[in-house]
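A short write-up of the structure that comes next.
Every number here is computed from the coordinates shown, using simple stated rules; none is lab data. Just so it is clear, the model here is predicted, and its values are computed rather than measured. With ideal geometry, Cβ positions are generated from the backbone for all residues, glycine too; neighbour counts draw on all protein chains shown.
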Amino acid sequence: MIGVEMLIKNKLCHSIGFNICGHSGYDTKGKDIVCAAVSSTSQMVVLGLQEQEIDFELANDDDLLYVLLKNHDSKINILEAFRIFIEKLEKQYKEYIKVSYYVMEWGS
């Protein structure tokens with residue numbers, strides 16, 4: 001199962017990052033549409049943030065993708081679009097993807 005943890009800014013309730021780990025197991029490697037959807041969409045977010053020169057932390061290896069905005073007060077539409085997409089994907093493939101939320105408590 002793929003786990004997607006959305007990182008949410010306290011009080012402002014907007015997405016400021018995410019953690020993705022695991023493998024869906026929907027199909028074999030190269031044919032797994034759930035893995036492909038999560039992977040391509042998350043990489044689109046990373047490329048979009050880089051293209052817009054938005055400062056963010058990134059950790060990426062075979063089993064984990066971590067993205068966190070350095071300016072936690074910014075609302076970045078591409079992260080909100082990712083959250084909406086991943087929630088809809090979870091509804092469609094609930095046996096293969098689990099979305100959770102972590103509220104990051106910073107300042108006011």
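General remarks:
- Helix 33-51 axis versus longest C-alpha principal axis of the chain: approximately 30°, rounded to the nearest ten.
- Scattering profile of the chain at q = 0.16 Å⁻¹ [log10 I(q)/I(0), Debye over alpha-carbon scatterers]: -0.68
- Prolate/oblate/rounded label for the range 7-53 (Cα gyration tensor, a/c 1.5): oblate
- Considering helices alone, the calculated mean residue ellipticity of the chain at 222 nm is -11000 deg cm²/dmol, with DSSP H runs of length four and up weighted by -39500 (n - 2.57) and normalised per residue.
- Cβ-defined net charge surrounding Val34, 11 Å radius [Lys, Arg +1; Asp, Glu -1]: -2
- Neighbour count of at most 15 Cβ within 10 Å plus DSSP loop: longest GluC sites (Glu not before Pro)-free window in the chain: 1-52
- Principal-axis tilt of helix 77-92 within the chain, Cα atoms, nearest 10 degrees: 30 degrees
- Cβ-to-Cβ counts within 10 Å put Leu68, Leu58, Leu89 in ascending order as Leu58, Leu68, Leu89, the fewest first.
- Ordering Phe85, Phe56 by the number of other Cβ atoms within 10 Å of each residue's own Cβ, fewest first, gives Phe85, Phe56.
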